[in-house]
Amino acid sequence: QLVRIERYYHRAATKAGRIVYVSGMMLGLVLIAIPVSAIALLLWPAGVPNSAEGQTVLISIGAGAVGALVSAMARMGAGPDRFKVDFEVGRPLLRRLGTFRPLVGAVFGVAVYFLLASGLLNTQPPDGDERIYFWGTIAFFAGFSERFTNVIFGSAQRMITGTEGKSDEEDEEASAGQ
C-alpha cells in the first residue's frame, strides 16, 4: 500500500512540476516579448524594425524562443523518461528554470543568425521574400535543438581556430596541451 501511495505521489508531483515549468516558460516568452517590443517601438522612428536586418533579428529572437518552448513541450509529451523535472527543488526554482529556457532559445536563435549571416560558414540564404523564412527556420532549429546549435558553433570554432579537419577529440587534446 505504501509503495503504491509513494508512486502516486511521485507521479502527481512530477506532473505538477511540469505544469510549473511550463508556466515559467510562458512567463519567459512574455519577458522576452515585452522588452523586444519596447525596443522595436523605440527604434521605429529610425526605421530599424522595417529594415530587412531588423526584421530578421526580431524573427530570430521570436523563433528561437518558440523553438525552445516547443522542444520542451515535445519532450514532455514523449513520456516521463524524455523530460525529467525534479519537483523537490520547489515551485519557485522550477518556474525560474522554465523562464530561462525561452531566453536561451532566443539567444541561440540570434547568435546562429549572426554567425551564418557573417558568411563565416559559407551559408547562402535564398534571395527575395523567402530569406526571412530561411532565417526564421534556422533560428527555430537553434532554439529547438542544442545539438543543432552545437554543431554550427563547433564548425565555426574549428574554422576560426584552424582545426577544420580535426575531430572534436583531437581539438580537446590540442587545447589541453596548450
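Please work out if L58 is in a helix (DSSP H, G or I) and modelled with pLDDT of 85 or more.
For L58, the condition - in a helix (DSSP H, G or I) and modelled with pLDDT of 85 or more - is met.
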- Query: For the subset of segment 65-117 comprising residues that are open to solvent by less than 80 Å² (accessible area, probe 1.4 Å) and not in a helix (DSSP H, G or I), which member is farthest from A156 (Cα to Cα)?
  - Reply: G90
- So which of T137, T149, T161 ends up being open to solvent by 50 Å² or more (accessible area, probe 1.4 Å), within 30 Å of I34 (Cβ to Cβ) and among the hydroxyl-bearing types (S, T, Y)? T137
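Assigned to a helix (DSSP H, G or I) and either free of Cβ contacts under 8 Å to residues at least 12 places away in the same chain or open to solvent by 90 Å² or more (accessible area, probe 1.4 Å) (or both): does that describe V30?
In short, yes.
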- Please give the number of the condition A74 fails out of (1) touching a residue at least 60 places away in the same chain (Cβ under 8 Å); (2) over 29 Å from G162 (Cβ atoms). (1)
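Rundown of residues vs (1) within 23 Å of P92 (Cα to Cα); (2) surrounded by 15 or more Cβ atoms within 10 Å (Cβ to Cβ), yes/no style:
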site: I5; (1), (2): no, no
site: Y8; (1), (2): yes, no
site: K15; (1), (2): yes, no
site: R18; (1), (2): yes, yes
site: G24; (1), (2): yes, yes
site: S37; (1), (2): no, no
site: A40; (1), (2): no, yes
site: I61; (1), (2): no, yes
- Query: What single numbered condition from (1) open to solvent by 20 Å² or more (accessible area, probe 1.4 Å); (2) in a helix (DSSP H, G or I); (3) at pLDDT below 85 fails to hold for N50?
  - Reply: (2)
- Query: Before we move on, is P45 within 19 Å of A111 (Cα to Cα) and either open to solvent by 50 Å² or more (accessible area, probe 1.4 Å) or free of Cβ contacts under 8 Å to residues at least 24 places away in the same chain (or both)?
  - Reply: no
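The values are calculated or read from the model by the stated rules, or taken from the named source; none is laboratory data. Here the structure is a predicted model, which is why all the values come from computation and not from measurement. Glycine gets a Cβ as well: all are built from the backbone with ideal geometry, and neighbour counts include every protein chain shown. Heads up: the accessible areas ignore ligands, DNA and RNA and are worked out on the full protein's heavy atoms, side chains in. Shrake-Rupley method; radii C 1.70, N 1.55, O 1.52, S 1.80 Å.
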